[in-house]
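Written below as structure tokens is the structure these notes are about.
The values are calculated or read from the model by the stated rules, or taken from the named source; none is laboratory data. Remember, predicted model here, so these are calculated numbers, not experimental data. Glycine also receives a Cβ, built like all others from the backbone with ideal geometry; neighbour counts cover every protein chain displayed. Heads up: the accessible areas ignore ligands, DNA and RNA and are worked out on the full protein's heavy atoms, side chains in. Shrake-Rupley method; radii C 1.70, N 1.55, O 1.52, S 1.80 Å.
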Amino acid sequence: MHEDLDAPARKRTHNLAHDLVAKLTQGILLGQMLPGDKLPSENTIVQEHGVSRTVVREAISKLQASGLVETRHGIGTFVLERAPDQGLRLNVDTALGVRGILELRMGLETQAAALAAVRRTDRQVAQMREALDDYQNLLANNDSCVEADKRFHLLIAEATGNLCFSEIMQQLGRAMIPRTRVNAAERGAADLSKLGQLANLEHEAILNAIKRQDPDAARAAMWLHLTNSRDRFLADRG
């Protein structure tokens, strides 16, 4: 019986291409590459990701098939504007209030944290660390730390390796952070600086659990963080 000696090589190429597609798609969904942006050259992708040209070409082909990019011959490959009716859409402005968003996140992000603890890379841990350092520095200067907060949570979703988590979190956008959804009257006398410090202590616990690859601790730390966020911002609203 003839044995296909090339089958293992083809399988490796397919798996590497799948991984590269996931990484590039994450970058697009997380807004690291915006519509109209040009993807790095084939040579750059080869060097950055340590894969062959064959893998890069297969990955680009898959991205084209999914409608995320288009290749303009002689110019390069560009990120496309996503169709407004593509995939799941959440109308966070009218369908979800602060309570609804936090309840959604409690279900979604507890599992994301557990998966991230198992699947994260050292580079992703370093990026989470940078996001929390930025958060703390902004807080110390009395500047808005919403974007750093959002980045930290998006990086956890990315570290799951499951695009569904990133997709939903990306759609929530700035609305995922309660401080952007609660007006001054609703906050009352709340000290946002103190609240920010408390939130970041919880962030640190989440990161530590992910760093040491403890999914149960990561899940529990995220649950505590989101439960406390709900209590901090919603308890006085009845």
**Item:** Scan of the stretch 51-75 for residues that are open to solvent by 20 Å² or more (accessible area, probe 1.4 Å) and either within 23 Å of the chain's Cα centre (by Cα) or not assigned by the TED database to the domain that holds ASP37 (or both), ordered by number
**Value:** ILE60, LYS62, GLN64, ALA65, SER66, GLY67
**Asked** How many residues are in a helix (DSSP H, G or I) and open to solvent by 40 Å² or more (accessible area, probe 1.4 Å) if we restrict to the stretch 160-169?
**Response** 2
**Request:** Could you check the stretch 94-159 for helices (runs of 4 or more DSSP H) lying wholly inside it with 3 or more residues that are open to solvent by 30 Å² or more (accessible area, probe 1.4 Å) and either in contact with a Leu (Cβ under 8 Å, 6 or more places away or on another chain) or at pLDDT below 90 (or both)?
**Result:** 98-119, 122-140
**Request:** Only residues that are over 17 Å from GLY31 (Cβ atoms) and touching a helix residue (DSSP H, G or I) at 6+ places or on another chain (Cβ under 8 Å): list them for the stretch 67-78, please.
**Result:** GLU70, THR71, THR77
**Item:** First in the stretch 28-51 and on the phi > 0 side of the Ramachandran plot, second anywhere and open to solvent by 40 Å² or more (accessible area, probe 1.4 Å), Cβ under 8 Å, 6 or more apart
**Value:** GLY31/GLN170; GLY36/GLU81
**Asked** What are the residues in the stretch 36-50 that are in contact with a Ser or Thr (Cβ under 8 Å, 6 or more places away or on another chain) and open to solvent by 60 Å² or more (accessible area, probe 1.4 Å), if any?
**Response** LYS38
